[in-house]
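Please treat every number below as a calculation from the coordinates, not as lab data. Note that the coordinates shown come from a computational prediction; the quantities given were computed from them, not determined experimentally. Cβ: placed from backbone, ideal geometry, glycine included. Neighbour counts: every protein chain shown.
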């Protein structure tokens, strides 16, 4: 087993192992790019996918209740609806989606801050 190593941003990174099948998919999808750029692009796409899913959840719940989450909490809608399972689940999903948006936006900002100058050129 390979030992963890420090990355350029001083975080402990465990070696990443992927099967040859998935490695070939990545190569096929991003043929002209170097490895780190491929992974950066894949990560960016996944972060944007998750961010979009969280934003969609928020929009659906805002439409359902005709208010934003802060108003939903301030009006104590869960209590007004007698703590129904549906409303409690919506509260949890809404709260999780808001946190997910914050988290994905931070991750996207951090990923965008990684300079392509760091990425070593393959020869």
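For the pair residue 25 and residue 114, the difference between a 0.36 nm per residue extended length and the Cα-Cα distance amounts to 29.6 nm. Quick one: if the Förster radius is 41 Å, what FRET efficiency do residue 106 and residue 82 give, using the C-beta to C-beta distance and rounding to 0.05? Working from the Cβ atoms, E equals 0.65.
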